[in-house]
Every structure is written in C-alpha cells, then in structure tokens.
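Peer 1: I am attaching a structure below and will ask some questions about it afterwards.
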Amino acid sequence: MSLCAVKPDEAGAGDSFPVAENLCTIVSNDWVNEEYRLLIVDAPAIALAAKAGQFFHLMCPPDGESGNFLRRPMSIHRIDREQGQLHFLYKVQGSGTRGLATLGQGDTLDALGPVGQGFTLPRGTQHVVMIGRGVGLATLAPLAQEAVAAGAKVTAILSARMASLLMAEDALRSDGAEVVIVTDDVGNSDTTSLEALLRRVHADRPIDFVATCGSKRLTRLLQDFSTEFGIAGQVALEQRMGCALGMCFACVMPFRNTAADGTRTVGYRRVCWDGPVFNLEETVL
Amino acid sequence: MTDLSVRIGDITLANPIMPGSGTLAEGMADVFDLSRLGAIVTKTFTDDLREGNAPPRVAELQNSTLFSIGIPSKGTDYYLNKTVPFYQKFNTPIVASISADTTEGFGALAAKLSDSGVVAIEANISCPNLKKDGLAFGMDPVATEEVIRAMKAATHLPVWAKLSPNVGDIAVIARAAENGGADALVTANAMLAMAIDIETWQPRVANLMGGITGPATKPVIMRMVYQCAQAVSIPVIGCGGVSNAADAIEYMLAGATAVQMGTQSFVQPTAMVKLLDDLTAYCERRGIAKVSKLTGAMRMFSPEQLARQGSL
C-alpha cells in the first residue's frame with residue numbers, strides 16, 4: 001500500500017499532507033432524476049477537510065472500450081463531517097461518468113483531493129446570492145452551508161429546464177438558504193427576468209457577494225450585475241483536466257490580469273491549481 | 001538493506017527515481033515528501049515568457065494521453081527566484097530542464113543557470129530549431145551535437161540531452177549528443193501523434209499534433225533505451241510509460257541507469273513513492289545489494305538456448 005492512499009479509519013487529524021488518494025467506500029450511488037445521480041461515500045479526515053468550491057479528482061471505472069485512463073474532476077455537492085461523508089452530484093454524460101455510475105454500495109472510489117482553490121467569502125459578508133443551473137447547483141451548495149455558518153443570509157436562485165430537474169432545493173433550504181426557483185417551463189429563467197429578479201433582491205436586502213457555476217450566460221449576467229453595483233463575486237469553472245495538481249498545464253483557460261501599473265492583459269491560468277473558483281471580473285467568457 | 005544509489009556522470013543520486021520534466025510542480029509537495037526522490041527535474045522553461053498552446057491541450061487515449069502544452073514559461077528570473085528556492089526546501093538535487101529557439105539560446109540560458117543551485121541541466125531538444133526551418137534539434141544529429149557543445153562551453157554543470165523519439169535511428173542522435181559532451185541521455189521525450197474527434201471532425205487537441213505519453217509508449221521507448229545504451233558509454237535515463245517498479249526494473253535491465261516517471265504521476269500522484277518501496281522490496285527479495293547492478297543486466301538468449309528451441 002502506498003504512503004498516501006488513506007482509508008477512512010487510518011486518517012488522523014495530524015497528517016502533514018493535505019492531499020491524498022483517498023480510498024472511499026460507496027454508501028449509495030442512486031439516480032435522483034432521469035439525468036443525475038447522487039454518489040455518497042464514507043471519506044477519511046483528509047477528504048472531509050475540503051472547503052466549498054474545492055474538488056476531487058476521481059478514478060473512474062472503465063466504461064466498455066474506454067479505459068478512462070485519466071481521472072475526472074468532480075465538484076463536491078456536500079461535505080457532511082458529522083456522518084463522515086462526501087456527496088457528489090453528477091450528470092451521466094461521458095465515459096467517465098458512465099464508469100462512475102457502475103459503482104455500487106461497498107465498492108471503493110479512489111478520490112484524489114481535496115484540490116483547488118475554493119470560494120473566498122469576504123469577511124463580514126451579510127448577503128450572498130448564488131445562481132446555479134444544471135449541475136452547477138451541486139457546486140454551490142457547500143458555499144451556502146459555509147455562508148450561513150459565517151452568519152450571512154443566503155439567497156439561492158435555482159434555474160432548470162423544468163421543476164422536476166431541480167435537485168439541490170431541499171439541501172439548500174435545510175442549510176438555511178432562501179430558495180428562489182426559476183424554470184424555462186414557467187418562462188422566468190431568461191436573462192432579462194433574472195436581471196430584474198437580482199435588482200429586486202438587491203433593493204430588498206443589499207447583496208455583498210455573488211457566486212455562480214455551470215452557465216456562461218449566468219456568469220455574464222453576474223459579471224455585469226456585480227460590476228454595476230460594485231459587488232464582489234466568484235465563479236466556479238469546469239475544464240478538461242490532466243492531473244488536478246497544477247503539474248501538467250492541460251486545463252488552462254484565459255483570464256484578465258491587471259499589472260501593478262494598471263495595464264490589463266489576458267493570460268492562461270490553470271483551472272485546477274489557480275481555481276477552479278475565480279473572481280468574476282478576471283474571468284473571460 | 002539495498003543500496004539504491006546510482007551515479008549519473010559526476011552526480012550520485014540517492015535513488016534512480018525522478019519525475020519526467022513537466023510532470024511535477026509545487027502541488028506534488030501537498031501529496032508526499034519530495035525528499036524521497038532521487039532528483040527533481042523541473043518543467044522546461046525558456047528565457048522568454050510564453051503562454052503555451054491554446055486549449056484543449058489534452059486528449060485521453062487507450063492507456064495513454066495526447067498532450068499539446070507548448071512549453072508555457074515564466075522566464076529565467078521566475079525560475080531562479082521562485083522555482084529553485086521552492087524545491088531547495090527538499091533534500092533532493094534539482095535538475096533544470098531548458099529550451100530555446102537557437103543553439104546560442106541554449107548556451108546563453110545554460111550560462112545563467114551555472115550558479116543557480118541546480119546540479120544539472122536537461123536540454124529539451126525536441127523543440128523546433130528556428131534557424132533550421134523549424135526542424136526539431138533532436139531530429140538532427142548535427143544540431144543535437146551543436147546544442148550540447150554550446151551548453152557545455154557555457155557552463156560547468158553536467159548536461160543531460162533529452163532525446164526526441166521522432167527519429168529513424170536513435171543511436172545516431174545518441175552518439176551525436178555524446179560527441180557534443182553530454183553527461184547523460186534522457187530517452188525519450190513524447191512521440192509525435194494526433195487524434196481526431198469523429199463527431200466534430202476536429203483535432204482532439206487545438207494544436208493538431210501533440211505528444212503521446214503513458215504506458216502504451218513503453219515498449220517503443222524500451223527499444224530506444226536499449227539502442228542508446230548500446231551506442232554510448234554515458235548513462236542513459238529511461239523515460240516513457242514508467243508506471244510502477246516493474247517498468248523501472250525493465251528499463252534498467254535494458255540499460256538505463258535511472259528512470260523518469262511522467263504520465264502515471266498525473267493518474268496516481270503517489271506512484272513514484274510506491275515505485276521506490278516496491279523496487280526496494282524486489283531487490284531484497286532477489287538478494288540484489290545494489291540497484292545499479294540491474295543496469296544493462298538483461299540476459300540475451302544464448303546460442304545453446306536458441307539451438308534447443310530449434311532455431312534454423
């Protein structure tokens with residue numbers, strides 16, 4: 001057994017290495033609707049030290065002819081330190097997630113992590129507004145938990161094609177977030193409606209932090225909104241990855257840099273190491 | 001207790017395991033103690049600042065990957081002031097990997113590293129030579145010899161030539177590097193390859209071509225390590241699809257003095273540490289007192305054996 005492969009009962013609080021190939025036991029891996037599965041695993045202490053916005057790099061079982069040689073990055077849907085469990089919410093859409101879907105209760109998942117830079121809530125934040133669509137909701141849920149724990153009010157705007165595809169609603173409510181649902185069916189999920197909604201929420205109770213994940217359209221909306229009102233904001237990004245430890249430089253995306261003299265340039269940064277959470281104003285879409 | 005130390009020219013390494021250039025960064029120090037490695041080979045940098053290729057930069061293949069990164073670089077000052085001090089926290093010799101567009105550029109950059117604290121310089125000669133119509137230095141024996149000679153003239157540090165596998169006769173290039181004064185060979189860099197998405201009809205990496213790396217490449221590079229070791233008297237460092245101790249032992253039997261692991265570290269960041277533990281266990285089980293005894297120890301089929309097999 002290698003030095004850093006950690007089983008749940010072997011991990012101690014005093015481990016000096018913050019990232020490990022955590023061997024997690026599957027508790028359940030069930031469909032939550034026709035597109036998404038919820039994977040719950042028993043995780044060691046190193047893994048449970050994860051922060052909102054960080055992620056794990058999962059070894060996915062082979063899917064037919066695809067050996068799934070590389071790991072797949074997966075955001076954390078819930079860090080349940082009381083139960084010693086991690087939740088991952090994922091859409092089954094490629095060979096990696098098809099492989100993940102084959103895991104059953106009692107199987108072992110090799111989860112490298114926690115890795116990446118998570119959300120940074122400014123000190124004294126009073127009102128966090130988060131907007132998520134699709135699987136982006138999964139990534140934002142731990143932030144709601146952290147924000148409420150830090151004494152902030154959280155308004156979570158959940159967007160989906162139809163109400164039956166919403167997933168994080170109950171978890172967010174039980175964490176103390178106020179949940180607002182918008183759907184394509186009802187016709188209130190378009191950018192114009194959302195912008196009006198944001199303005200109403202802001203007028204009712206000033207927003208001092210915004211967060212999003214999973215949609216370029218929503219990210220652009222929040223960029224414009226946060227710029228207009230001078231509100232801090234962050235976005236969790238996704239990119240195809242190699243190593244998830246900043247080593248291979250495969251997962252770069254362009255970002256705006258501001259030099260000391262104010263000059264603005266655009267340069268590549270590693271989503272896995274410099275992110276996956278980035279400040280909205282730096283993000284190029 | 002097995003003696004894991006190996007000699008690469010004038011340098012003695014505590015063990016024969018090191019990362020391939022570009023497969024280890026600061027993040028690895030969050031996973032294990034980098035002091036366990038025989039050497040730390042850093043990611044190739046150039047003197048000038050470079051952003052690298054446009055994404056997508058990686059495609060997954062069977063037991064391998066296609067990478068097209070393009071040598072992004074933060075330049076020499078960053079390397080000297082940030083990268084080297086970071087790795088000096090560990091009790092492991094640092095090897096710098098460098099690249100340049102011209103022979104003179106390789107020499108000038110090597111000179112800048114003379115007092116940097118690194119113990120050797122690896123020349124990444126798989127990049128295009130801008131003065132020879134973009135043909136990679138490592139694909140041309142004359143350019144290979146000139147680059148190594150220019151570096152040796154510019155610095156007292158040992159120079160390792162990291163060969164390109166994209167050649168017809170690797171032995172010719174190996175001898176050219178040795179003639180230029182190389183202290184060791186690293187065999188080899190990634191094999192030039194490409195892949196196309198049959199749904200979008202687009203290349204799977206934006207740069208069209210990239211380098212295939214990973215376990216699938218091992219038998220080809222194994223053959224090249226053997227050919228290099230036969231062709232030169234300087235040490236050869238095996239690099240291609242090393243995933244575990246068995247792969248490292250195989251490379252050493254073929255003639256390698258040490259090995260570099262690359263792609264496997266992306267999949268299993270603790271793989272180099274596990275390799276070391278398993279290599280030690282193998283040597284103890286086989287009663288091998290010095291791991292260096294494995295180098296070139298492959299046993300060929302004897303004429304008698306072949307006769308018994310009915311060789312006609």
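Peer 1: I'd like to know if the range A:206-219 contains one or more residues that are within 14 Å of another protein chain (Cβ to nearest Cβ), in a loop (DSSP other than H, G, I, E, B) and either aromatic (F, W, Y) or out of contact with any strand residue (DSSP E or B) (no Cβ under 6 Å at 6 or more places or on another chain) (or both).
Peer 2: no
Peer 1: Quick one: which residue in B:A281, B:A254, B:A190 is closer than 30 Å to A:M241 by Cβ and of a type in the set (A, V, I, L, M, F, W, C)?
Peer 2: B:A190
Peer 1: Still on this model: Anything in the range B:76-99 that is without any contact (Cβ under 8 Å) to a residue 60 or more places away in the chain and closer than 13 Å to B:A110 by Cα? List them, or say none.
Peer 2: B:T76, B:Y79, B:L80, B:A96, B:I98, B:S99
Peer 1: Looking at (1) closer than 29 Å to A:S159 by Cβ; (2) more than 12 Å from chain B (Cβ to nearest Cβ); (3) without any contact (Cβ under 8 Å) to a residue 60 or more places away in the chain; (4) more than 18 Å from the chain's Cα centre (by Cα), find the lone condition where A:G94 falls short.
Peer 2: For A:G94, the failing item is (2).
Peer 1: Let me ask something else about it. Of all residues in the range B:24-42, count the ones that are surrounded by 20 or more Cβ atoms within 10 Å (Cβ to Cβ), facing another protein chain (nearest Cβ under 8 Å) and closer than 20 Å to B:D77 by Cα.
Peer 2: 2
Peer 1: Let me ask something else. When only residues in the range A:239-269 that are outside any loop (DSSP other than H, G, I, E, B) and of a type in the set (S, T, N, Q) count, which is surrounded by the fewest Cβ atoms within 10 Å (Cβ to Cβ)?
Peer 2: A:T265
Peer 1: In the range B:140-182, how many residues are within 16 Å of B:S126 (Cα to Cα), charged (D, E, K, R) and in a helix (DSSP H, G or I)?
Peer 2: Count: 2.
Peer 1: Return only the number of the condition from (1) crowded, with 21+ Cβ neighbours inside 10 Å; (2) not in a strand (DSSP E or B) that B:D101 does not satisfy.
Peer 2: All conditions pass for B:D101, except number (1).
Peer 1: Moving to a separate point now. Taking A:A144, is it surrounded by 19 or more Cβ atoms within 10 Å (Cβ to Cβ), on the phi < 0 side of the Ramachandran plot, touching an Asp or Glu at 6+ places or on another chain (Cβ under 7 Å) and not assigned by TED's automatic domain parsing to the domain that holds A:A50?
Peer 2: The answer is yes for A:A144.
Peer 1: Turning to a different aspect of this structure: Here are the criteria: (1) among the polar types (S, T, N, Q); (2) closer than 21 Å to B:Q227 by Cβ; (3) surrounded by fewer than 17 Cβ atoms within 10 Å (Cβ to Cβ). Tell me which single one B:T187 does not satisfy.
Peer 2: (3)
Peer 1: Would it be correct to say that A:E281 is farther than 28 Å from B:N53 by Cβ and surrounded by fewer than 21 Cβ atoms within 10 Å (Cβ to Cβ)?
Peer 2: So A:E281 fails the test.
Peer 1: Still on this model: Can you confirm whether B:D77 is surrounded by fewer than 19 Cβ atoms within 10 Å (Cβ to Cβ), away from chain A (no Cβ under 13 Å) and not in a loop (DSSP other than H, G, I, E, B)?
Peer 2: Taking the combined requirement at face value, the residue satisfies it.
Peer 1: For the range A:217-231, name all the residues that are among the hydrophobic types (A, V, I, L, M, F, W, C) and buried (at least 16 other Cβ atoms within 10 Å of the Cβ).
Peer 2: Once the filter is applied, which keeps residues that are among the hydrophobic types (A, V, I, L, M, F, W, C) and buried (at least 16 other Cβ atoms within 10 Å of the Cβ), the range A:217-231 yields A:L218, A:L221, A:L222, A:F225, A:I231.
Peer 1: Exactly one of (1) under 20 Å from A:I76 (Cβ atoms); (2) more than 14 Å from chain B (Cβ to nearest Cβ); (3) surrounded by fewer than 21 Cβ atoms within 10 Å (Cβ to Cβ); (4) of a type in the set (S, T, N, Q) is unmet by A:Q234. Its number?
Peer 2: (3) is the only condition that A:Q234 fails.
Peer 1: Among the residues of the range B:80-94, is there at least one that is crowded, with 21+ Cβ neighbours inside 10 Å, hydrophobic (A, V, I, L, M, F, W, C), touching a strand residue (DSSP E or B) at 6+ places or on another chain (Cβ under 8 Å) and in a strand (DSSP E or B)?
Peer 2: No, the range B:80-94 contains no residue that is crowded, with 21+ Cβ neighbours inside 10 Å, hydrophobic (A, V, I, L, M, F, W, C), touching a strand residue (DSSP E or B) at 6+ places or on another chain (Cβ under 8 Å) and in a strand (DSSP E or B).
The values are calculated or read from the model by the stated rules, or taken from the named source; none is laboratory data. The structure displayed is predicted, hence computed values, not measured ones. All Cβ positions, glycine included, derive from the backbone under ideal geometry; neighbour counts span all protein chains shown.
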